[in-house]
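Trainee: First, the structure itself, so that you have it in front of you.
The values are calculated or read from the model by the stated rules, or taken from the named source; none is laboratory data. Bear in mind the structure is a predicted one, so any value in this text is a computation, not a measurement. Neighbour counts are summed over all protein chains in view; Cβ atoms, including those assigned to glycine, are modelled from backbone coordinates with ideal geometry. Areas reflect the complete protein model, heavy atoms only, side chains present, ligands, DNA and RNA absent. Shrake-Rupley method; radii C 1.70, N 1.55, O 1.52, S 1.80 Å.
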Amino acid sequence: MAKIKPSKGAPYARILGVGGYRPTRVVPNEVILETIDSSDEWIRSRSGIETRHWASPEETVAAMSVEASGKAIADAGIDASQIGAVVVSTVSHFSQTPAVATEIADKLGTDKAAAFDISAGCAGFGYGLTLAKGMVVEGSAEYVLVIGVERLSDLTDLEDRATAFLFGDGAGAVVVGPSEEPAIGPTVWGSEGDKSETIKQTVPWDRFRGGDLSELPRDSKGEVKFPAITQEGQAVFRWAVFEMAKVAQQALDAAGISPDDLDVFIPHQANVRIIDSMVKTLKLPEHVMVARDIRTTGNTSAASIPLAMERLLATGEAKSGDTALVIGFGAGLVYAATVVTLP
């Protein structure tokens, strides 16, 4: 029997560069209040959100990704032609095929990089980071571009009081490459499909096939609503607060890191109350910088962690070499947590 030659990559992997892109239009809570019965105070107290960014027609999923990726590649100090794979996490690219990753890889000028999309909701960045680490260590790519990107304004029901204020648009990207020492810890990830109904798309695409729209939901004008993201807020809140703190602790344990060793905590930007509850449950010391990018960016799903990471580094609130705990969680319900060294 022939023996297959083993693959050989780098001993370890690390994040080498990060970039972000936020659409130019800033949307305050007052705009959201035009279509729902609520108040600015209620939105801020329940979610922490003050403003969010919404994309223009020109700020497509691909266009935002290219902008964020260009910054990440420059930050990593490499050329786009050195990227061996492009992994894009998104739920808001509406063409089923081809993957938007292939368009992005071409526009960036990669040398025929492997390119594919994944759908893991708000945990998508963690999933992509784990895949990238595996590729670098296994040797199938020396440098991997991981992108989290969303145009959730396209999937927001502005008449849904529970979700209209939550979502924003944007793209975040990182370059993962070789390292001589561990800089991306073991990933603690998983899914709880029995809770999949708590966050979902309101109507599947095939309900629009055949022309019978009589049972589809309609807006206040009587027009058929485009599919949107809906959630059972309280159920998701309880799950995130109690279960995700456990997952975060497991990621710390797997990396051999204690809360005292941490410099930065970058959770998915879903809700500031969830973030604050996790900080309390994990008993994070006061010196740990906690990302609360949600205040001005909203919930950008797969883009939220790299966008928050990019802002912390840009403002100097975090610095290169800091040890950070990152955790994403959302629709599925899925989750992924790991400890990383910041680029």
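Trainee: So which of 133/246; 8/133; 8/112; 246/280; 246/319 end up more than 19 Å apart by C-alpha?
Mentor: Values: 133/246 23 Å; 8/133 13 Å; 8/112 21 Å; 246/280 12 Å; 246/319 27 Å.
Among 133/246; 8/133; 8/112; 246/280; 246/319, the Cα-Cα distance tops 19 Å for 133/246; 8/112; 246/319.
Trainee: Quick one: net charge of residue 109's neighbours, Cβ under 15 Å, K/R +1, D/E -1?
Mentor: It works out to a net charge of -2.
Trainee: Just to be sure I understand the model, the point goes 7 Å from the Cα along the line to the Cβ. What's the resulting residue 273 to residue 38 distance in nm?
Mentor: Those two pseudo-labels are separated by 1.2 nm.
Trainee: Spelling out what I want: for every residue of the range 38-43, take phi, set θ = phi - 60°, compute 6.51 cos²θ - 1.76 cosθ + 1.60 (Karplus), and round to whole Hz; glycine and proline get x.
Mentor: 7, 8, 4, 5, 5, 4
Trainee: Also, I was wondering about something else. Test of understanding: what is the full-extension gain from residue 4 to residue 295, defined as 0.36 nm times their sequence separation minus their Cα-Cα distance?
Mentor: 99.6 nm
Trainee: How compact and how long is the range 151-302, expressed as Rg and Dmax of its alpha-carbon atoms in Å?
Mentor: Every Cα atom of the range 151-302 included, Rg and Dmax give 19.1, 61 Å.
Trainee: Could you work out Rg/(2.2 N^0.38 Å) for the range 234-343, with Rg from alpha carbons only?
Mentor: Details: Rg = 12.7 Å, N = 110, 2.2 N^0.38 = 13.1 Å.
The range 234-343 yields a ratio of 0.97.
Trainee: So, one more: Residue 303: net charge of surrounding residues, Cβ under 11 Å, Lys/Arg +1, Asp/Glu -1, itself excluded?
Mentor: -2
Trainee: Scale the Cα Rg of the range 114-209 by the rule-of-thumb value 2.2 N^0.38 Å and send over the ratio, two decimals.
Mentor: 1.36
Trainee: In degrees, nearest 10, range 0 to 90: what is the angle between the Cα axis of helix 304-315 and the longest Cα principal axis of the chain?
Mentor: Result, in degrees: 70.
Trainee: Kirkwood hydrodynamic radius, computed over distinct alpha-carbon pairs, for the range 189-239: how many Å, to one decimal?
Mentor: On the way: mean 1/r = 0.0770 Å⁻¹.
Mean inverse Cα-Cα distance, inverted, gives 13.0 Å.
Trainee: Hey, can you find the accessible area per residue of the chain for me, probe 1.4 Å, expressed in square angstrom?
Mentor: So the chain comes to 44 Å² accessible per residue, rounded to a whole number.
Trainee: I would also like to ask the following. At q = 0.08 Å⁻¹, what log₁₀ I(q)/I(0) does a Debye calculation on the Cα points of the chain give, no solvent, two decimals?
Mentor: Each listed q maps to, in turn, -0.36.
Trainee: Please report, for the Cα atoms of the range 66-160, the Rg to one decimal and the Dmax as a whole number; what are they, in angstrom?
Mentor: Here Rg and the maximum Cα pair distance are 13.8, 49 Å.
Trainee: Next question. Starting from the alpha-carbon convex hull of the range 289-335, give the projected area averaged over all orientations, in nm².
Mentor: 3.5
Trainee: Among the lysines, which fall within straight-line cross-link reach of residue 225, defined as a Cα-Cα distance under 18 Å, with same-chain neighbours fewer than 8 residues apart omitted?
Mentor: Within the straight-line limit of under 18 Å, residue 225 reaches these lysines: 200.
Trainee: Also, I was wondering about something else. If you wrap a convex hull around the alpha carbons of the range 1-103, what volume per residue comes out, as a whole number of Å³?
Mentor: 224
Trainee: Amide H to amide H under 5 Å from residue 13: which residues, 5+ apart in sequence or cross-chain, H placed 1.01 Å off N in plane?
Mentor: Distant-sequence amide H within range of residue 13: 179, 183, 184.
Trainee: A further question follows. Taking every alpha carbon pair in the range 2-60, what does the distance histogram look like in 5 angstrom bins from 0, in percent?
Mentor: All Cα pairs considered, the percentages come to 4, 12, 14, 12, 10, 9, 7, 6, 7, 5, 6, 4, 3, 1.
Trainee: Let me ask something else. Rounded to the nearest 500, what is the 222 nm mean residue ellipticity of the chain from helices alone, with -39500 (n - 2.57) per DSSP H run of 4+ residues and division by all residues?
Mentor: Mean residue ellipticity, 222 nm, calculated: -9000 deg cm²/dmol.
Trainee: What aspartates and glutamates could a cross-link reach from residue 5, if we take a straight Cα to Cα line under 19 Å and drop same-chain neighbours fewer than 8 places away?
Mentor: The qualifying aspartates and glutamates are 138, 142.
Trainee: OK, next. Given a 1.4 Å probe and every protein chain left where it sits, what share in percent of the accessible area of the chain is carbon and sulfur?
Mentor: Reported share for carbon and sulfur atoms: 50 percent.
Trainee: Using the per-residue mean of other Cβ atoms lying within 10 Å as a proxy for protection, in what order, highest first, do the peptides 298-309, 133-144 fall? Working shown, then result.
Mentor: Values: 298-309: 30.7, 133-144: 20.0.
Descending packing order for the listed peptides: 298-309, 133-144.
Trainee: Hey, can you rank 147-153, 174-180, 194-200, 10-16 by average C-beta count inside 10 Å, highest first?
Mentor: 147-153, 174-180, 10-16, 194-200
Trainee: Positive end of the dipole of the chain, charges at C-beta (+1 Lys, Arg; -1 Asp, Glu), about the Cα centre: which of 241, 170, 312 has its Cα farthest in that direction?
Mentor: Ranked along the dipole, the leading option is 241.
Trainee: Moving on to the next point. Hey, got a sec? Which trypsin sites (Lys or Arg not before Pro) in the range 258-298 land in a DSSP loop and have at most 14 other Cβ atoms within 10 Å?
Mentor: Passing sites in the range 258-298 are 283.
Trainee: Provide the packing ranking of 219-232, 93-106, i.e. peptides ordered by the mean count of other C-beta atoms within 10 Å per residue, highest first.
Mentor: The peptides rank, most packed first, as 93-106, 219-232.
Trainee: Over 10 Å intervals from 0, what percent of Cα-Cα pairs in the range 221-270 sits in each interval?
Mentor: Bins of 10 Å from zero give 18, 36, 22, 13, 7, 3 percent of pairs.
Trainee: Out of every Cα pair in the range 156-228, what percent are spaced more than 21 Å from each other?
Mentor: Numbers: 1492 of 2628 pairs.
That fraction is 57 percent.
Trainee: What angle, in degrees between 0 and 90 and rounded to the nearest 10, separates the Cα long axis of helix 233-255 from the longest principal axis of the Cα atoms of the chain?
Mentor: So the inclination is approximately 10 degrees.
Trainee: Under a GNM of the chain (C-alpha, springs under 10 Å), which listed residue has the highest mean-square fluctuation: 206, 322, 154?
Mentor: So, out of 206, 322, 154, the one fluctuating most is 206.
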